[in-house]
Amino acid sequence: MKRVRVLLFMCAVIAPTGVWADEAKPLGENPQVEARLKTLAVELRCLVCQNQTLADSSAPLAEDLRREVREMIAKNMTDQEIIEFLVARYGDFVLYRPPWRLTTTLLWLGPFLLLLVGGTVLVVTLRRRQKTLPETVLSEEEHRRAERLLSKGNT
Amino acid sequence: MIPEIGHFALILALCVATIQGTLPLLGAASGNASLMAVAKPAARGQFLLVLIAFCCLGAAFAVNDFSVLYVAANANSKLPLHYRLAAIWGAHEGSLLLWTFILCLWMVAVTLFSRHLPEAMRARILGVMGLVSFGFLLFMLTVSNPFLRLIPAAPDGRDLNPLLQDPGMVIHPPMLYMGYVGFSVAFAFAIAALLGGNLDAAWARWSRPWTTVAWCFLTVGIAMGSGWAYYELGWGGWWFWDPVENASFMPWLAGTALIHSLAVTDKRGGFKVWTVLLAILAFSLSLLGTFLVRSGVLTSVHAFATDPKRGLFILAFLAVVIGGSLLLYAWRAPRVGLGGGFDPVSRESMLLANNVLLVVAMGSVLLGTLYPLFLDALGLGKISVGPPYFDTVFVPLMTPAIFLMGLGPIAQWKKADLPALAVRLRWAFGVSFGTAVLLPFVLGKWTPLLSLGLLLALWVVTTAVVNVRERVTHLTGDSLMTKLAAVPRAYWGMQLAHCGIAVLIVGVTMVKGFEVEQDVRMNIGDTTTIGGYTFKFDSIQDLMGPNYTAARGTFHVTKNGGDVTTLYPEKRFYMVQNQTMTEAAIDSGLVRDLYVSLGEPLQGGAWSVRLYHKPFIDWIWGGCLIMAIGGVLAISDRRYRLGWRREQAAAA
Amino acid sequence: MKRFLLPLAVFAVVVGFLAVGLTLNPREVPSPLVGKAAPDFSLPQLYETEKTFSPKDMAGKVWLLNFWASWCNGCKDEHPVLMQMAKSGEVPIYGVDYKDQRGEALTWLQQWGNPYPLVAVDESGRVGINYGVYGVPETYVIDKQGIIRYKQIGPIDQDVLHKKILPLVKELQTQ
């Protein structure tokens, strides 16, 4: 029964080749579980390795955790519940997407604050420039000086 | 004996660097020509000494001198010669020597191509570079000496980290360092100009080619690092937002901003204060990157052995160099003039806006990279900031930047007419928008990100086409060829580099949108099909490498019954390092990569196998290469070649 | 002048953090379980395989729970310290043999000495996951109410023993 289901699934996702007898089996028993595991695991950090996701790591602990997550998926737990399970044991460190907390507010808002500050400074500078600099010929003069310097050095 | 010669050469180089870092600067300050004249021979002498040291370390590796601690730790008698030589920069001490060597290389380049510079300017530039080199030589001689002896000598070495035993790793670090360290030239130009008080358009014109060359190297270096991760780490990713990758990406973003800002300073005399800050920033970020990699304050896949003393030294060095330059900046910058005026809608303001976006992007990468450290230092807990964060933040920041990329080159200097711009670009926008919305449907899947990526890429290319067309029609000439030839190479370089970005975006968009992955269990004779390609697992053999044993699989790939290729992924076991490595087998193509990597042997002679079909992935690195070629084209422009020929004539 | 000092100010802040960062270990992840009840389990024992061990058996006592394995290098480093603690009898150390082969674990204990009154066996690593173990050796200090009071990540050395673990144990014992 299981084999039939696997084959049916493979027909659904990939182009059927006609060679049914020795088609390779997907590693996970249940492809839907594997797909969910994959989407979850790429956002989770493996603790023992230097800096790898749970999906990429081949460390034994990562394998155990994947097994654990697989079982939770099979038990129909939501993503939120699975993440809570891991965070309760290992802390926020396991999450590659830091959760919204007071301490991470600056992290999430930072880039947009920077953009806001950058944009404001840009507009203010441009305005002030226009006021203090009503079309000078200074730059032309400077440019000519540069040319002079260059040609002097070159000849 | 040879290691001692190398060690001694480093000590001498430190002495020379001391002289180079002081006398010429004093001479420039007091107008003493004989003191200034010290700079050039000192720089060349230092180069020779560091070259000797470099060769000595190379010789120690070549002859397997395991009485040298660094050689014993990073090589093995069974390691092939080319990897033994690459092992020079395989770990901390040696890569610092490479850093210093490349810095000296850049110094010599400055002495060769700076005849047109005023004496004081050149003396200051070389002086500043001498000070930087002083810091690195001191670092090496105090806490990271590659020539330390191991007594008694080890019978054999502990071998090079297998991850680094790869052709990509042989060239990736030198490329990357050429870029990192190359920004030291732009930095030295900026500091020299601040010291001398002559921050003008000429300064910008001089430092432009140097910055572009460094940027090209950095671009290629980062691309190679990414390509290496793709096939060597064995799980098919090409960018992980790892701290070490970010450390190389931040100077790239700052350097890209610098290139554009320098263009304005050169052409229009504007943004001087901003440009000089960017020059300081680009090099500071290179130094910061060095610190992050060496000190172990952040965990990374690329972790080097760490030592708190080393971290402290680099931090102190960082504080002195960057702190000192920023102090000088704060002191001198207020006196710098504003330069040419321009309208809020003009090429200048668009370039400035693009600069702001690039710097904000850089700041965000910095924030994300250091944030875990900030929280930890404040005792607020440990978090991880990874790809989901960077992806979320980066796309909205880059989208307007890339939109401006199409707009900027077509807008006039000083004052641009917005309605007229809209008219000129209406076709470009219409075509790219229409295609971007419809093309994903043709490809079989529509997501907003897919459309956005295609839109941005097409926008860059179509605006470039409009721009070139307008430019050529405005030229006078008989034939199209003469008209095209009349367009300066710098212009072609710019357009090409922009198209490189478009190619890169296509690569990223297509891979993220359409890649297919399969983890399967395969017995000999099994087949599996992915992306229309059928992989047949033909056989697996044992193999002996020079310093490893391997299991090599043979996968025959067919499409619609026709042969495509045969792939040989390997699972290697490096005996000395006691490490297992996955060597993926990849069939690269213009529109797709086929990727096979062997997982673990399973029960019953089967293997777990990971297969990918990755559409357009090579466009990612191709785009980077095109960008770098654009840069090279820009510096081969007539005005630089003329200058160089005049110098040659003057020298003869 | 002031706005030109801004980059320097930002840089100074970053350097300050980096300096503090140098003193920290980025690989040590603090456990969210400290201050919470020790997760319950029932595991077979190493020596008397038909019997089980559960933290409930330890109610009313202050004790240490030490995750170790015969394949783990750090465990060998901390082993003399554990032996010394066992000899002094100040606090009982219960072992959990984590993802190990029984035979090898027995040989290991015979060779280096056994500091544990009792060793439980976590073959699948499940209990380890419930305790947030991510690298052996790891040691938990558990109080009379069964609350985890401290987690030592990595080997216990003399410094940790005398500055952290023993004072804490004494304080908990008097409660």
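Each value in this text was obtained by applying a stated rule to the coordinates, not by laboratory testing. Just so we're clear, the structure is a prediction, and the values are computed from it rather than from any experiment. Reconstructed Cβ throughout: ideal geometry from the backbone, glycine too, with neighbour counts over all protein chains shown.
Where in segment B:469-513 is the amide nitrogen less than 12 Å from a point lying 7 Å along the Cα-to-Cβ axis of B:R424? Backbone N within reach: B:469-474. Remark: the Cα gyration tensor places chain B in the oblate category, a/c being 1.5 or greater and a/b not exceeding b/c. For segment B:143-214, taking the reciprocal of the average inverse distance between every pair of different Cα atoms yields a Kirkwood hydrodynamic radius of 16.0 Å. Only the Cβ atoms of Lys and Arg (+1) and of Asp and Glu (-1) were treated as charged; on that basis the dipole of segment B:376-464 about its Cα centre amounts to roughly 280 debye.
Working note: Debye formula, equal point scatterers on the alpha-carbon atoms of segment B:502-652, no solvent; log10 I(q)/I(0) at q = 0.12, 0.18, 0.19 Å⁻¹ is -0.64, -1.05, -1.12. By the rule of a C-alpha distance below 18 Å, with chain neighbours fewer than 8 residues away ignored, the lysines paired with B:K415 are A:K131, B:K267.
For the protein assembly as shown, the 222 nm mean residue ellipticity estimated from helices alone, with every DSSP H stretch of n ≥ 4 adding -39500 (n - 2.57) and the total spread over all residues, rounds to -20000 deg cm²/dmol. If one computes the Cα centroid of segment B:130-193 and of segment B:36-90, what distance in Å separates the two points? Segment B:130-193 and segment B:36-90 have Cα centres spaced 10 Å from each other. When the Cα gyration tensor is reduced to axis lengths a ≥ b ≥ c, the ratio a/c is 1.5 or higher for the protein assembly as shown, and with a/b above b/c it is classed as prolate. Legend: mean number of C-beta atoms from other chains within 10 angstrom of residue C-beta atoms, peptide B:353-366, equals 4. Shape class of segment B:375-456 from the Cα gyration tensor (axes a ≥ b ≥ c, square roots of the eigenvalues): oblate, since a/c reaches 1.5 or more and a/b does not exceed b/c. Taking other residues whose beta carbon is less than 12 angstrom from the beta carbon of B:G227, and scoring Lys, Arg as +1 and Asp, Glu as -1, yields -4. If both residues of a DSSP beta bridge must be in segment C:1-119, then about 25% of such bridges are antiparallel. Quick one: in segment B:361-503, what % of C-alpha pairs are over 23 Å apart? Here the tail beyond 23 Å accounts for 53 percent of pairs. Helix C:2-22 axis versus longest C-alpha principal axis of chain C: approximately 20°, rounded to the nearest ten.
For segment B:1-163, the Kirkwood hydrodynamic radius from C-alpha pairs, put into Stokes-Einstein at 20 °C and a viscosity of 1.002 mPa s, yields a diffusion coefficient of 131 µm² per second. Ranking B:Y180, B:T219, B:M129 by how far each Cα lies toward the positive end of the dipole of segment B:119-231 (charges on Cβ) leaves B:M129 at the top. Mind checking which of C:I153, C:W68, C:T23 is farthest towards the positive end of chain C's charge dipole, using Cβ charges of +1 (Lys, Arg) and -1 (Asp, Glu) about the Cα centre? In chain C, that residue is C:T23.
For the Cα trace of segment A:28-99, dividing Rg by the Kirkwood Rh returns an Rg/Rh value of 0.93. Take the Cα coordinates of chain C, assign each an equal point scatterer, and use the Debye formula without solvent to give log10 I(q)/I(0) at q = 0.12 Å⁻¹. The Cα Debye sum returns log10 ratios of -0.57. Net charge dipole, the protein assembly as shown: roughly 3660 debye, given to the nearest 20, about the Cα centre with Cβ charges of +1 for Lys and Arg and -1 for Asp and Glu. Take every DSSP beta bridge whose two residues both sit in the protein assembly as shown; close to 85 percent of them are antiparallel. Taking other Cβ atoms within 10 Å as a rough exposure proxy, B:D166, B:D563 sort from fewest to most as B:D563, B:D166. With the simple model of a label 7 Å out from the Cα in the direction of the Cβ, B:E517 to B:L378 spans 3.4 nm. Label separation (B:T565 vs B:N198): 5.5 nm, computed from points 7 Å beyond Cα along the C-beta direction.
Across the alpha-carbon atoms of segment B:434-559, the computed radius of gyration and Dmax are 23.6, 69 angstrom.
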